[in-house]
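Q: What follows is a single structure, and I will ask about it in a moment.
The values are calculated or read from the model by the stated rules, or taken from the named source; none is laboratory data. Owing to the predicted nature of the structure, the values given are computational and were not obtained by experimental measurement. Heads up, the Cβs are rebuilt from the backbone with ideal geometry, glycines too, and the neighbour counts pull from every protein chain shown.
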Ligand code: SF4
């Protein structure tokens with residue numbers, strides 16, 4: 001066993017800091033812990049004073065390539081213990097005014113090049129809890145999206161929701177307005193565990209809701225499940241997946257529990273609310289069991305965290321947004337990406353409502369993208385899907401005239417291959433099961449190492465496709 005030197009700090013100067021531990025059990029021990037991909041890695045904030053002019057340039061720029069839209073509904077009935085997305089408490093009286101604001105937000109720039117040019121391939125209504133809104137308010141927002149956005153003929157339109165409060169009338173309102181995909185946050189079917197985590201619907205209610213959606217046969221139905229929850233055994237996870245498969249849904253996201261600072265789960269664990277705590281070192285074994293059960297049901301893994309049972313499920317929004325597609329953002333707290341810049345819609349609900357009512361753009365933050373964004377997007381998109389097209393990455397390298405970056409990352413990829421995280425064959429980098437589990441951590445490290453080399457001004461030498469320190473082409 002080889003224990004690599006590691007600092008886990010962004011921008012660390014030595015390549016060994018990014019190496020994995022070479023162990024017989026890479027699922028358990030390749031890295032010390034999971035890391036999230038920082039969404040603004042390599043980006044530069046636009047100063048507040050420059051924001052109006054920058055936004056004016058962004059809204060008059062035509063969109064190129066694939067595009068999606070995201071509409072945020074920032075309300076929840078309660079703060080589920082594990083969740084880092086909670087924003088505002090839900091009050092039914094807030095719903096109509098919020099839907100009015102989103103409709104106005106969607107309409108304001110309907111003729112601007114940023115919005116009117118090029119097809120939009122996927123629209124995602126996320127949160128928070130979109131399904132908390134009344135059916136008529138959901139329908140108004142969805143209809144506004146179909147009216148004011150130039151949707152592609154095969155546009156995926158998703159509404160995210162939770163079972164509690166998502167009645168048949170709301171489902172019908174969504175379908176009538178054009179929704180063709182529902183993403184339902186289940187997390188676990190285990191009733192005892194669900195209630196302690198703050199989830200309100202019981203197992204029977206969830207199963208019956210999903211079966212009704214499936215029987216309606218009018219939309220792709222996908223759910224989220226989490227593994228590694230406190231007091232959840234491997235058999236509990238397997239039972240959850242088998243239950244999900246039995247409902248006939250089209251797709252499934254499988255996420256590991258992420259202990260997010262500031263979420264109520266952390267003090268709950270510290271207070272001893274759960275008899276068996278979360279065991280980060282065992283998360284890989286949950287991923288392995290989950291992958292095995294899904295494979296046994298012949299589900300197809302279309303990303304490192306998403307599986308589908310039917311071809312109705314495309315997971316289009318999530319896949320496009322991770323490959324650097326343009327993203328139009330609407331609603332308080334939404335994040336978008338246009339003309340090489342990321343932007344954030346005002347998270348402050350009162351200010352968002354007032355700004356939109358005044359006919360102004362509620363944009364509060366803009367970040368300029370790294371010059372080598374094509375390369376970073378190729379890496380993020382490829383790693384997310386579990387296989388990286390070497391030719392595509394090489395072309396992106398050539399775009400920045402930084403062919404030697406390929407030589408710089410070659411030893412890192414080779415070390416990860418030795419550590420059992422990836423395979424290299426026929427022009428593709430393919431993640432192993434352990435690599436799929438550690439994908440996010442690997443992507444973060446790979447991008448940090450590339451950024452470090454670019455910052456250090458690595459001189460030109462070899463191309464990615466010809467660098468062969470170990471006899472394998474990367
Ligand atoms: S899991 Fe969903 S409903 Fe619960 S707090 Fe998070 S966003 Fe809200």
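Q: Test of understanding: among 51, 110, 63, 59, which residue is more than 16 Å from the ligand (Cβ to nearest atom), over 18 Å from the mean Cα position of the chain (by Cα) and without any contact (Cβ under 8 Å) to a residue 60 or more places away in the chain?
A: When all the criteria are applied, what remains is 110.
Q: Right, next: Are there any pairs with C-beta distances below 6 angstrom linking a residue in region 178-202 that is farther than 27 Å from residue 318 by Cα and without any contact (Cβ under 8 Å) to a residue 12 or more places away in the chain to a residue that is outside any loop (DSSP other than H, G, I, E, B) and more than 16 Å from the ligand (Cβ to nearest atom), with the two at least 6 apart or on different chains, and if so which?
A: Within 6 Å, the pairs are 202/191.
Q: Could you please tell me which pairs satisfy a Cβ distance under 9 Å, a separation of 6+ or placement on different chains, a first residue in region 84-96 that is at pLDDT below 90, and a second residue that is within 10 Å of the ligand (Cβ to nearest atom) and part of a strand (DSSP E or B)?
A: Correct list of pairs: 85/76; 85/126; 85/127.
Q: Also: State whether one or more residues within region 117-126 are crowded, with 22+ Cβ neighbours inside 10 Å, at positive phi, in contact (Cβ under 8 Å) with a residue 12 or more places away in the chain and within 25 Å of the chain's Cα centre (by Cα).
A: no
Q: Take residue 215 and tell me if it is on the phi < 0 side of the Ramachandran plot, more than 16 Å from the ligand (Cβ to nearest atom) and in contact (Cβ under 8 Å) with a residue 60 or more places away in the chain.
A: Here the answer is no, as residue 215 does not meet what is asked.
Q: Let me ask something additional. Considering only region 75-91, state which residues are within 9 Å of the ligand (Cβ to nearest atom), in contact with a helix residue (DSSP H, G or I) (Cβ under 7 Å, 6 or more places away or on another chain) and closer than 16 Å to residue 346 by Cβ.
A: 75 - this is the single residue of region 75-91 that is within 9 Å of the ligand (Cβ to nearest atom), in contact with a helix residue (DSSP H, G or I) (Cβ under 7 Å, 6 or more places away or on another chain) and closer than 16 Å to residue 346 by Cβ.
Q: Of the residues that sit in region 281-295 and are more than 21 Å from the chain's Cα centre (by Cα) and in contact (Cβ under 8 Å) with a residue 12 or more places away in the chain, which one is surrounded by the most Cβ atoms within 10 Å (Cβ to Cβ)?
A: 293
Q: Here is a further query. Among the listed residues 331, 406, 402, 335, identify the single one that is modelled with pLDDT of 95 or more and in contact with a helix residue (DSSP H, G or I) (Cβ under 8 Å, 6 or more places away or on another chain).
A: The conditions single out 331.
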